[in-house]
1. When Gly40 is evaluated against the numbered criteria (1) on the phi > 0 side of the Ramachandran plot; (2) touching a Pro at 6+ places or on another chain (Cβ under 7 Å), which criterion, by number, is the only one it fails?
2. Restricting to region 45-67, and then to whatever is crowded, with 16+ Cβ neighbours inside 10 Å and more than 18 Å from Asn114 (Cβ to Cβ), can you tell me which residue is nearest to the chain's Cα centre (by Cα)?
3. Note down all Cβ pairs under 6 Å where the first residue falls in region 56-76 and is closer than 19 Å to Ala19 by Cα, the second is surrounded by fewer than 12 Cβ atoms within 10 Å (Cβ to Cβ), and they're at least six residues apart or on different chains.
4. Only residues that are under 13 Å from Phe108 (Cβ atoms) and in contact with a Lys or Arg (Cβ under 8 Å, 6 or more places away or on another chain): list them for region 17-46, please.
5. Somewhere in region 21-31, is a residue among the small types (Gly, Ala, Ser) and more than 15 Å from the chain's Cα centre (by Cα)?
6. Give the residues of region 79-105 that are among the small types (Gly, Ala, Ser) and assigned to a loop (DSSP other than H, G, I, E, B), sorted by residue number.
7. Just name the residue that is farthest from Arg51 (Cα to Cα) out of those in region 81-93 that are surrounded by 18 or more Cβ atoms within 10 Å (Cβ to Cβ) and of a type in the set (A, V, I, L, M).
8. Would you list the strands (runs of 3 or more DSSP E) that sit entirely within region 24-77 and hold 3 or more residues that are at pLDDT below 95?
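The values are calculated or read from the model by the stated rules, or taken from the named source; none is laboratory data. What you are looking at is a predicted structure, and each value in this text was computed from that prediction instead of being measured. All Cβ positions, glycine included, derive from the backbone under ideal geometry; neighbour counts span all protein chains shown.
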Amino acid sequence: MDAVMQHDTQDKVEPPKAALKINVSPKAVVKAREALVKRGTPDAMLRLGVRGGGCSGFSYVIEFADDKGARDQVFEFDGLKVVVDPKSLVFLNGTTLDYETKLMSHGFKFVNPNETAGCGCGDSFSV
């Protein structure tokens, strides 16, 4: 009797999934800390997120957070705590929050590798 090799698909081990993450540039950390101090809450957190809306489908959210949600992921960059809700993190995975200064404007900028299109004003995007 010949031995027959059977492959059981239930025995396959899936490789671990890479953790979702975001980054904050050193300049953005400095500017966020300055904004928190100006607000009078230097120990508060910065919340990054995504909301439906805008001309391209999604809009970025950046706001102060005094508390974190039960399911929020917390990241820390040189003492600055940044919170992101799980749904937003899927769209922001790999994103870097930067701070740029141009001739006529300055402010935070999301550099998102998942973005497939953006609107002309730069306030909304699609994936």
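1. (2)
2. Residue satisfying both the conditions and the ranking: Arg47.
3. Arg71/Pro86
4. Once the filter is applied, which keeps residues that are under 13 Å from Phe108 (Cβ atoms) and in contact with a Lys or Arg (Cβ under 8 Å, 6 or more places away or on another chain), region 17-46 yields only Leu46.
5. Among the residues of region 21-31, not one is among the small types (Gly, Ala, Ser) and more than 15 Å from the chain's Cα centre (by Cα), which makes the answer no.
6. Once the filter is applied, which keeps residues that are among the small types (Gly, Ala, Ser) and assigned to a loop (DSSP other than H, G, I, E, B), region 79-105 yields Gly79, Gly94, Ser105.
7. Val82
8. 45-52, 58-65
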